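Working notes, beginning with the structure itself.
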Amino acid sequence: MRRALSVIVENQHGVLSRVVGLFSGRGYNIDSLTVAPIAGTEFSRINIITSGDEAVFEQITKQLHKLISTYKVFEDCEFVERECVLVKINIDQNLAGLDSLLKGYNGTIAHSNDEYMTICVNDTSDRVDNFLKTIKKYNPKDCARSGVVLMEN
Amino acid sequence: MITGAKMICEALKLEGVEVVFGYPGGAALNIYDELYKQNDFKHVLVRHEQGAAHAADGYARASGKVGVAIVTSGPGFTNTLTGIATAYADSIPMVLISAQVANSLIGTDAFQEIDAVGMSRPCVKHSYLVKTIEELPRVLKEAFFIARSGRPGPVHIDIPKDITAIKGEFKYPSEVNMKTYKPTYKGNPRQIKRLASALMEAKKPLLYIGGGCISSNSSEAIRKFVEKTKVPAVCTLMGLGVLEHDNPYNLRMAGMHGSYRANMAMSECDLLISLGARFDDRITGKTSEFAKLAKIAHIDIDPTSISKIIKADFPIVGDVGSVISDLLDEVKEFEFDLSTWHSVLDRHESLYPSFSYEDSDEILKPQWVINECAKITPNANIITDVGQHQMWVAQFFKFNEPRRLSTSGGLGTMGYSIPAALGVAFAKNNEVVLNFAGDGSFLMNIQELMTLTAERKKVINIILNNAYLGMVRQWQTRFYNERYSETNLEDVQPDYEMLARSFGCDSFRVKSKDEFIKAYHECLKSPRTCVIDVVISRFEDVLPMVPAGAAIYNMILPQKLITKDSK
Ligand SMILES: Cc1ncc(C[n+]2csc(CCOP(=O)(O)OP(=O)(O)O)c2C)c(N)n1
């Protein structure tokens, strides 16, 4: 089962590896991970998407709480969730329909040159998955996902 | 303005540190130069850094204070890992200071550089890599606070060499104020009320006493509770001494090598109140069969412990002593009548007395040796190593006080006992310090005998010598068809008598009861550290025994019951 976690920690060196170590130490997978400082505070926010059973997940959240550097753990709450994806496609091919696809997904052209166009979509992970499926027909050259950013609402 | 090295010494002094255990080296030179100049506390030069960590650990267990160790970077630090992990597994307060290469060299694979905080991370309560001189006083203060508060544990501070040389302002904080760390000591009153009603309804309530009762100094509160309510109690290896040995409500140790009565009590109780215990697999056996008929109350300062293995019906986060006193307040008007439950337990006890063994006059039995020591020196401070001898000590020595036993419970670290005994000897000046080891374990950190001699500290070491890695041999006997793979030490032993003498110790090798008693009295008289190599029966097993993974009521019991453990 997919799990979303948002952890507020002290913004200090070594903290991220402590958090990640809790997952690796239990052989638990991290599907996505994003980290950034929270402006104007001494804290950082670490967003983690993982999957697993109830018991292990409960231990992970308790252990996260237990870390000396952890301030707050948000889990299993209603999150606003966004993920960004960049896709690079060759402009030589037939790009019919791309416009409306971008419109449907609130996408933009982030960059282009005489060879490639890089498009950007910002949405929930599910919708980013769908977008990536659809965009396949334009033979994307490369793609980069950001990992999920979360905020409890 | 003072140097970082001096700040370390000042902080240790302000924390009331009496003794630190350590070993110098290049990156630690500034610290050692400062140690040389001060007289506020003693530095003990161990002979191996693992010894420093175990000695700090032994000191902490016996004294209840924070143990401190200082080592150099690279190999100095890596040698302490087993000791840190040992302290972590048993929640022992410790501050380990390791030197690190200079900040400018970190990350360059410099001589004796290792990612120390990266290596200690999974086995410390918290760790610091000090990057600036400004943060050093705060880090030192926090380290001691974190080590001793909440669920205690080891804290590691890695300090680069340049930080120990440069000067800064030393303002030692008077308090710690961390937004992210605030342990809960007071139990939730509503949960305690709920538990109180369950307790008053219970027909077969049982306390389950763990090491947390010792680290939180809750023995007094628990004894009061037991006296008033008459609720019987089992304990773990780490909980020995919380109740007096012959307290009528003390059902003694439970678990893999626990008594029949204790394990049956766990299996039959209808309310199990866990106090600072963590449901280790050595206690629970097969978890689906564990305390199957009972509602579970789990009291622990560490929320991650609660419901980790066995789901708790009454989860209470808090200090054991505080919670049990609150619980007593709730039930103190109530008249408990548990006589039926007690008679059930008495019946179990008469069936298979806890603990029993078959004595012999031909060959020394380890249980007899331990009993004899308990008779002659009932108030000795006991240290054990790991193996059969450890379990026999737990079963047969009569512990009447907390902090009388130092043993590696959670990690089961062989080589623990000699250095730990060194630490205990510093905590308990002029008291009898008695170390029981196996012939295998004794060799693992034997170099610390030299430290004991150098420091003029006296420890009586008893090697229960079966010329086997006995505990492993026992499993091979029972579960591997007597294939004694790499456990037979017969004819491949050092002459322990001569070896001990070369370290400046008094030594004896004994084979009979008379010889043992004589040697033991000699040791008590001697001012030196002593070693008695006791030749014991080779194939003695620790019983009862619950095979790994079996339910704890499925015990392999002693066959013949001739000698009952005498009062
Ligand atoms: C460092 C370490 N290595 C291996 C073990 C596994 N082990 C547990 S008990 C034991 C045998 C101990 O033998 P000995 O010290 O002679 O004591 P006895 O069991 O004979 O009393 C071993 C090898 C361990 N606990 N610790």
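Coordinate-derived values only; no laboratory data. All of these numbers come straight from a predicted model, not from anything done at the bench. Note: ideal-geometry Cβ built from the backbone for every residue, glycine included; neighbour counts use all protein chains shown.
Of note:
- A simple charge model with +1 on the Cβ of Lys and Arg, -1 on the Cβ of Asp and Glu and nothing else charged puts the dipole of the protein assembly as shown at about 760 debye relative to its Cα centre.
- Mean-position separation - Cα centroids, region B:32-51 and region B:485-528, in angstrom: 30 Å
- For the pair B:TYR172 and B:ARG194, a Förster radius of 45 Å applied to the C-beta separation gives a FRET efficiency near 0.55, rounded to the nearest 0.05.
- Our summary of shape: the Cα atoms of region B:415-563 have principal axis extents of 47, 32, 30 Å, ordered from largest down, in whole angstrom.
- Dipole orientation for the protein assembly as shown: of the candidates B:TYR553, B:ILE296, B:ILE418, B:ILE296 has the Cα lying most toward the positive pole (charges on Cβ; Lys, Arg +1; Asp, Glu -1).
- Of the GluC sites (Glu not before Pro) in region B:152-258, the ones in a loop by DSSP (not H, G, I, E or B) with at most 12 other beta carbons within 10 Å are B:GLU169, B:GLU175.
- Principal-axis tilt of helix A:125-135 within chain A, Cα atoms, nearest 10 degrees: 20 degrees
- Ordering of B:42-50, B:520-528, B:382-390 by burial proxy (mean other Cβ atoms within 10 Å per residue, highest first): B:382-390, B:42-50, B:520-528
- Within the shell defined by Cβ-Cβ distances under 12 Å, the residues around B:MET498 carry a net charge of -1, with Lys and Arg each +1 and Asp and Glu each -1.
- Each of B:ALA28, B:THR384, B:PHE399 was scored by the projection of its Cα onto the charge dipole of chain B, and the greatest displacement toward the positive side belongs to B:PHE399; charges sit on the C-beta of Lys, Arg, Asp and Glu.
- Summing Cβ point charges (Lys, Arg +1; Asp, Glu -1) relative to the Cα centre of region B:356-481 gives a dipole of roughly 340 debye.
- Cα-based convex hull volume of region B:110-262 per residue, rounded to whole Å³: 180 Å³
- A:VAL56/A:ALA144 FRET efficiency (R0 41 Å; Cβ-Cβ; nearest 0.05): 0.85
- Looking at chain B alone, DSSP beta bridges between its own residues are antiparallel in about 10 percent of cases.
- Descending principal axes extents, region A:1-118, alpha-carbon based, whole Å: 54, 35, 26
- Unpaired cysteine residues in chain B (no second Cys Cβ under 4.7 Å): B:CYS9, B:CYS123, B:CYS213, B:CYS235, B:CYS269, B:CYS373, B:CYS505.
- Kirkwood hydrodynamic radius of region B:336-481, from inverse mean 1/r over distinct Cα pairs, in Å: 16.8 Å
- 10 Å Cβ neighbours from other chains, averaged over peptide B:19-26: 0
- Dipole magnitude of region B:74-156 about its Cα centre (Cβ charges: Lys, Arg +1; Asp, Glu -1), debye to nearest 20: 360 debye
- Between B:LYS375 and B:GLU18, the C-beta separation translates, for a Förster distance of 30 Å, into a calculated FRET efficiency of about 0.40.
- All Cα pairs of region B:86-169, percent lying beyond 21 Å: 31 percent
- For peptides B:5-16, A:44-55, B:457-468, sequence by mean Cβ density within 10 Å, most packed first: B:457-468, B:5-16, A:44-55
- Semi-axis lengths, Å, chain B, gyration tensor of Cα atoms, sqrt of 5 times eigenvalues: 39, 32, 19
- Note on B:111-117: average number of Cβ atoms from other chains within 10 Å of each residue's Cβ is 1.
- Under the criterion of Cα pairs below 8 Å and six or more residues apart, the relative contact order for chain B equals 15 percent.
- Spin-label pair A:ASN90/B:ALA454, simplified geometry with 7 Å Cα→Cβ offset, distance in nm: 7.2 nm
- Take each residue of peptide B:541-553, count the partner chain Cβ atoms within 10 Å of its Cβ, and average: the result is 0.
- Principal axis extents of the C-alpha atoms in region B:1-86 (largest first, rounded to whole Å): 37, 29, 18.
- For chain B, calculated [θ]222 nm from helices alone, where every DSSP H run of n ≥ 4 adds -39500 (n - 2.57): -10500 deg cm²/dmol
- Per-bin percent of Cα-Cα distances, the protein assembly as shown [10 Å]: 3, 13, 21, 22, 19, 12, 6, 3, 1, 0, 0
- Stokes-Einstein diffusion for region B:382-453, with the hydrodynamic radius set to the Kirkwood value over Cα pairs and evaluated at 4 °C in a medium of 1.567 mPa s, equals 105 µm²/s.
- DSSP bridge pairs, the protein assembly as shown: antiparallel proportion in percent, nearest 5: 45 percent
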